[in-house]
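Trainee: Okay, here's the structure, questions in a sec.
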Amino acid sequence: MSAVVSQARPALPAREHGVGPLTAARLRRAGLVYLALFVGGLALAWIAATPGMQALGLGMAFPGGGFLHYLAGGAVSAALHLACFLATLVLFVVAFALWFGTGNQAAPVVVWLGAALAAAAMNHPHTLSGSWVLVALLAASSGGGALLLHRRSLHRKEARRQRRNAVLGHWQPGVTALAQDGATPRVDELSADDLAALRYALDRALQPVDEFAGFDFIEQFQPSALRYQINNLGYVLSLANYTHLPAMRAYLKRAQENLIEKKKQHQVWKYWAIESLWGNFRHEPDPIARDNVMYSGWYGAQIGIYAAVSGDLRYDAPGALTLRAANGAEYVHDYPSLVQTLIANAERSAFCLFPCEPNWIYPLCNNQATIAIRAFDQLHGTQHWEALRDGYRRRLEQEFIDVDGHFVLIRSTRTGLTIPGLSSSKEDAIFAFWMNPVFPDLAARAWEIARDELFVPSGAGLELKPLKPWLDPGNYRLNTAYALGALGMAARELGDSEAHTAVSAALGELEVNRDGGVLSYPGCSTWSHAFMLKARVGRTQGMRDLVNRGLPAAWKQGPFISELRYPDVLPARAVSDGEALEATLYPGTGSGRFALGLGGLEPGQRYRLAGCAGTEGTADAAGQLGVEVELDGRREIRVTPAV
């Protein structure tokens, strides 16, 4: 049996200028600011009485332009000043990269103004007559070249828009497979390889909260940062808990709690103090208070889906998410206050979506915030997302979806600028996975475009086109694992079994390591491992159901595995119908007899035990029962009330 959740995909609309109205307004404003600076600089160069002030004006009009004023006085002098100009351009590119990568808005200003002041300080009489013409030509050619590239790009995007609109609706998303009685989703079994791969996440999650063995350590500003690794591992474990192990608590629940606690470690969030200072020019060490959706939004989603799969509302308690700095400062938060902060940031932002790094808005990070809010509503019966949804969607579609349907990965809230060349169908697959819980029609559209362009028909199914190595954002190495994981998890979530089969075949060709019974991929980041795990442990509409439906009554009320030692016993399936428990177990460290603790039983009730060392047991006054199982391979157990 199935539950229909799919919707018709909206066509990609035509756009005359290629950007949304708010982005266009910000671009015009930025252009006018530069025009004023340019005109003012040239005017100063024209009326100033000294070479130094003339150079200052030219330096205001164009980065490093002041050095071009001194292209005179012989070949050596001209070459040295030309080198200063070229060095300024290189430094300006580096400063822009810092602005993008760390939110450092001061860097481009410092380079631009610093070069102008340095040129002014030279103040020698060997100047180039008509240097203002050279600077004006540089500025005009730069602006004209950028405009020409934009128009050519817009023409190509319009052609892609029409081509992509023609394929929409030819494929339909999958629907949630229901159990025979139709009351609960079907719970399938993980394979032995799936369990070995899941241990990659469990090993990292179950270590002490203040330890980070197995994590990638590169920097803490961009995707390789610890916070993203923690979030992604938490998402995977919650998804596996929901789709295959809804009656498993024990170490799986503890692993998710550990990851939530890890995110509170000061080394994970201390980056924000400096980023806020050089990006917003404000001393704000608290990573949740304002902006910074890359911390607060991702964290809120992690907490929300953990609460949705476990029913554990401990993070609702006042101060449950208190962050403690090394100097003793405390920043007091909890899940409800975090959600209110996300809403306040969205309402304060003209784009509705709000920044990650200061000034830079990432739609993917904001999508995590929507999941945090939607999961909170599902858990508490509130309507926060309903109030925010229409405005959020309008801005998302207008300002962050390109003419050709690609999601714009980044946009400057102050200038409207983006960084071209970042969008791709592979990145859109990530959006498809995460957007499915809140905008399933947009998710289906993104995935249908990606599947049409990255797969080809082959026999009765699909074949994945050859993929070039892609930048793994978790360790900045080139591999195909990240893209394969993204495609695989989206195909699984959207119910595209043909595409998922094709991706699984490609994943099967990657180099693997099986040391200690843990399946891992050498050279691949925690990000990539998490993506590949989602492709393994997800199911059709799995994340959508987790965020929007949560636990069915039978899963909430029925028996569950409460105690189990990791990695001795690895459950591949554990589910309850409200009265009985079914589980499939594998040994993780070798054959033997192992203890299991069961909870959620009816106090004093006698239970029949199938597949266990004994045949019957009686739950104690707390509804708990200890049993033992002999494992030398796969074993099914069933615990049912005795009549």
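Trainee: Tell me which residues, restricted to segment 508-527, are in a helix (DSSP H, G or I) and under 21 Å from the mean Cα position of the chain (by Cα). Walk me through it before giving the result.
Mentor: Here is the first cut: in segment 508-527, the ones in a helix (DSSP H, G or I) are 515-517, 526-527.
Correct list: THR526, TRP527.
Trainee: Within segment 271-287, is even one residue farther than 30 Å from GLN105 by Cα and under 21 Å from the mean Cα position of the chain (by Cα)? Steps first, please.
Mentor: As a first pass, look at segment 271-287 and keep what is farther than 30 Å from GLN105 by Cα: none.
Taking every residue of segment 271-287 in turn, none turns out to be farther than 30 Å from GLN105 by Cα and under 21 Å from the mean Cα position of the chain (by Cα).
Trainee: Over 29 Å from GLN222 (Cα atoms), hydroxyl-bearing (Ser, Thr, Tyr) and assigned to a helix (DSSP H, G or I): does that describe SER129? Lay out the reasoning, then the answer.
Mentor: On the way: over 29 Å from GLN222 (Cα atoms): yes; hydroxyl-bearing (Ser, Thr, Tyr): yes; assigned to a helix (DSSP H, G or I): no.
It is false that SER129 is over 29 Å from GLN222 (Cα atoms), hydroxyl-bearing (Ser, Thr, Tyr) and assigned to a helix (DSSP H, G or I).
Trainee: Which one is surrounded by the fewest Cβ atoms within 10 Å (Cβ to Cβ), of the residues in segment 276-294 that are in a helix (DSSP H, G or I) and in contact with a helix residue (DSSP H, G or I) (Cβ under 6 Å, 6 or more places away or on another chain)? Steps first, answer last, please.
Mentor: Taking segment 276-294 first, the residues in a helix (DSSP H, G or I) are 276-280, 293-294.
Okay, now just the ones that are also in contact with a helix residue (DSSP H, G or I) (Cβ under 6 Å, 6 or more places away or on another chain), so 278, 293-294.
Values: TRP278: 17, VAL293: 29, MET294: 29.
Per the criteria, the residue is TRP278.
Trainee: When you scan segment 486-532, how many residues do you find that are buried (at least 20 other Cβ atoms within 10 Å of the Cβ), charged (D, E, K, R) and under 25 Å from ILE218 (Cα atoms)?
Mentor: 0
Trainee: Next question. I need the full set of residues from segment 341-365 which are within 16 Å of PRO287 (Cβ to Cβ) and polar (S, T, N, Q), in order please.
Mentor: Pass one, segment 341-365, residues within 16 Å of PRO287 (Cβ to Cβ): 341-342, 344-345, 354-358, 360, 362, 365.
Answer for segment 341-365, where residues must be within 16 Å of PRO287 (Cβ to Cβ) and polar (S, T, N, Q): THR341, ASN345.
Trainee: Which one is farthest from HIS244 (Cα to Cα), of the residues in segment 143-187 that are part of a helix (DSSP H, G or I), among the polar types (S, T, N, Q) and in contact (Cβ under 8 Å) with a residue 60 or more places away in the chain?
Mentor: The extreme case among them is SER153.
Trainee: Could you tell me how many of the residues in segment 237-275 are within 21 Å of ALA325 (Cβ to Cβ) and acidic (Asp, Glu)?
Mentor: Final tally of qualifying residues: 2.
Trainee: Which ones in segment 609-631 are touching an Asp or Glu at 6+ places or on another chain (Cβ under 8 Å), buried (at least 16 other Cβ atoms within 10 Å of the Cβ) and either of a type in the set (S, T, N, Q) or at negative phi (or both)?
Mentor: Result: LEU609, CYS612, ALA619.
Trainee: Please identify the pairs in which a residue from segment 325-337 that is free of Cβ contacts under 8 Å to residues at least 40 places away in the same chain and over 17 Å from VAL268 (Cβ atoms) has its Cβ atom under 8 Å from the Cβ atom of a residue that is among the hydroxyl-bearing types (Ser, Thr, Tyr) and part of a helix (DSSP H, G or I), counting only partners at least 6 apart or on another chain.
Mentor: Correct list of pairs: ASP334/TYR315.
Trainee: Looking only at segment 276-304, how many residues end up being of a type in the set (Lys, Arg) and over 20 Å from GLN368 (Cβ atoms)? I'd like the intermediate steps shown before the answer.
Mentor: So in segment 276-304, the residues of a type in the set (Lys, Arg) come out as 282, 290.
With the extra rule that they be over 20 Å from GLN368 (Cβ atoms), the set shrinks to 282.
Adding up the residues that qualify gives 1.
Trainee: Then there's this: For segment 214-223, indicate whether the set of residues that are in contact (Cβ under 8 Å) with a residue 24 or more places away in the chain, out of contact with any helix residue (DSSP H, G or I) (no Cβ under 8 Å at 6 or more places or on another chain) and not β-branched (Val, Ile, Thr) is non-empty.
Mentor: no
Trainee: Tally the residues that are over 17 Å from GLU630 (Cβ atoms) and touching a Leu at 6+ places or on another chain (Cβ under 8 Å), restricting the search to segment 559-590.
Mentor: To start, the set of residues in segment 559-590 that are over 17 Å from GLU630 (Cβ atoms) comprises 559-560, 562-563, 566-567, 573-582.
Subset that is touching a Leu at 6+ places or on another chain (Cβ under 8 Å): 559-560, 562-563, 566-567, 573-575, 581.
Final tally of qualifying residues: 10.
Trainee: Here are LEU442, LEU409: which of them is in a loop (DSSP other than H, G, I, E, B) and under 23 Å from ASN165 (Cβ atoms)? Please lay out each step first, then the result.
Mentor: Numbers: LEU442 fails: in a loop (DSSP other than H, G, I, E, B).
The unique qualifying residue is LEU409.
Trainee: Here's something else I'd like to know. Which condition breaks for SER238 when tested against (1) of a type in the set (Ser, Thr, Tyr); (2) within 25 Å of ILE410 (Cα to Cα); (3) part of a helix (DSSP H, G or I)?
Mentor: (2)
Trainee: Would you be able to say whether some residue in segment 14-23 is buried (at least 22 other Cβ atoms within 10 Å of the Cβ), within 30 Å of ARG161 (Cα to Cα) and not β-branched (Val, Ile, Thr)?
Mentor: In the first step, residues of segment 14-23 are kept if they are buried (at least 22 other Cβ atoms within 10 Å of the Cβ); the result is 19-20, 23.
So of that shortlist, the ones also within 30 Å of ARG161 (Cα to Cα) come out as 19-20, 23.
Subset that is not β-branched (Val, Ile, Thr): 20.
There is at least one residue in segment 14-23 that is buried (at least 22 other Cβ atoms within 10 Å of the Cβ), within 30 Å of ARG161 (Cα to Cα) and not β-branched (Val, Ile, Thr).
Trainee: Let me ask another. Could you please let me know if VAL268 is over 30 Å from LEU564 (Cβ atoms) and not in a loop (DSSP other than H, G, I, E, B)?
Mentor: Working: over 30 Å from LEU564 (Cβ atoms): no; not in a loop (DSSP other than H, G, I, E, B): yes.
For VAL268, the condition - over 30 Å from LEU564 (Cβ atoms) and not in a loop (DSSP other than H, G, I, E, B) - is not met.
Trainee: Can GLN302 be described as closer than 24 Å to MET543 by Cα, at pLDDT 95 or above and surrounded by fewer than 18 Cβ atoms within 10 Å (Cβ to Cβ)?
Mentor: Working: closer than 24 Å to MET543 by Cα: yes; at pLDDT 95 or above: yes; surrounded by fewer than 18 Cβ atoms within 10 Å (Cβ to Cβ): no.
Here the answer is no, as GLN302 does not meet what is asked.
Trainee: Continuing with the same structure: State yes or no: is ASN280 at pLDDT below 95 and either in the same structural domain as ILE303 (by TED's automatic domain parsing) or more than 26 Å from VAL547 (Cα to Cα) (or both)?
Mentor: Taking the combined requirement at face value, the residue satisfies it.
Trainee: Residue by residue through segment 412-429, note down the ones that are in a helix (DSSP H, G or I) and surrounded by fewer than 23 Cβ atoms within 10 Å (Cβ to Cβ). Talk me through it step by step, then tell me what you get.
Mentor: In the first step, residues of segment 412-429 are kept if they are in a helix (DSSP H, G or I); the result is 425-429.
SER425, LYS426, GLU427, listed by residue number.
Trainee: So which of ILE303, ILE274 ends up being in contact (Cβ under 8 Å) with a residue 60 or more places away in the chain, β-branched (Val, Ile, Thr), out of contact with any Cys (no Cβ under 6 Å at 6 or more places or on another chain) and under 26 Å from ALA346 (Cα atoms)? Don't jump to the end; show me each part of the working.
Mentor: Working: ILE274 fails: in contact (Cβ under 8 Å) with a residue 60 or more places away in the chain.
Of ILE303, ILE274, the one residue that is in contact (Cβ under 8 Å) with a residue 60 or more places away in the chain, β-branched (Val, Ile, Thr), out of contact with any Cys (no Cβ under 6 Å at 6 or more places or on another chain) and under 26 Å from ALA346 (Cα atoms) is ILE303.
Trainee: For segment 538-631, list the strands (runs of 3 or more DSSP E) that sit wholly inside it and hold at least 2 residues that are among the aliphatic types (A, V, I, L, M) and under 32 Å from the mean Cα position of the chain (by Cα); which are they?
Mentor: Working: elements: 560-563, 569-576, 581-587, 592-599, 606-610, 616-618, 625-631.
Fully inside segment 538-631 and qualifying: 569-576.
Trainee: Just to be sure I understand the filter: pairs with C-beta atoms under 9 Å, separated by 6 or more residues or on different chains, first member in segment 10-36 and aromatic (Phe, Trp, Tyr), second member surrounded by 12 or more Cβ atoms within 10 Å (Cβ to Cβ). Which pairs pass?
Mentor: As it stands, the answer is TYR34/ALA139; TYR34/GLY143, since those pairs meet every condition given.
Trainee: Can you pull out the residues in segment 312-352 that are more than 29 Å from GLY20 (Cβ to Cβ), among the small types (Gly, Ala, Ser), surrounded by 13 or more Cβ atoms within 10 Å (Cβ to Cβ) and out of contact with any strand residue (DSSP E or B) (no Cβ under 9 Å at 6 or more places or on another chain)? Let's see the steps before the verdict.
Mentor: Of the residues in segment 312-352, the ones more than 29 Å from GLY20 (Cβ to Cβ) are 312-337.
Remaining after also requiring among the small types (Gly, Ala, Ser): 317, 319-320, 325-326, 328-329, 337.
Those still in the list that are surrounded by 13 or more Cβ atoms within 10 Å (Cβ to Cβ) too: 320, 325, 337.
Passing the criteria: ALA320, SER337.
Trainee: Of everything in segment 499-519, what is under 30 Å from PRO173 (Cα atoms) and small (Gly, Ala, Ser)? Give them in sequence order.
Mentor: Selection gives ALA499, ALA502, SER504, ALA505, ALA506, GLY508.
Trainee: Please tell me if LEU206 is at pLDDT 95 or above, of a type in the set (A, V, I, L, M) and surrounded by 14 or more Cβ atoms within 10 Å (Cβ to Cβ). Break it down into steps so the answer makes sense when it comes.
Mentor: Values: at pLDDT 95 or above: yes; of a type in the set (A, V, I, L, M): yes; surrounded by 14 or more Cβ atoms within 10 Å (Cβ to Cβ): yes.
When the stated conditions are applied, LEU206 passes them.
The values are calculated or read from the model by the stated rules, or taken from the named source; none is laboratory data. What you are looking at is a predicted structure, and each value in this text was computed from that prediction instead of being measured. Neighbour counts run over all protein chains shown; Cβ positions are idealised from the backbone, glycine included.
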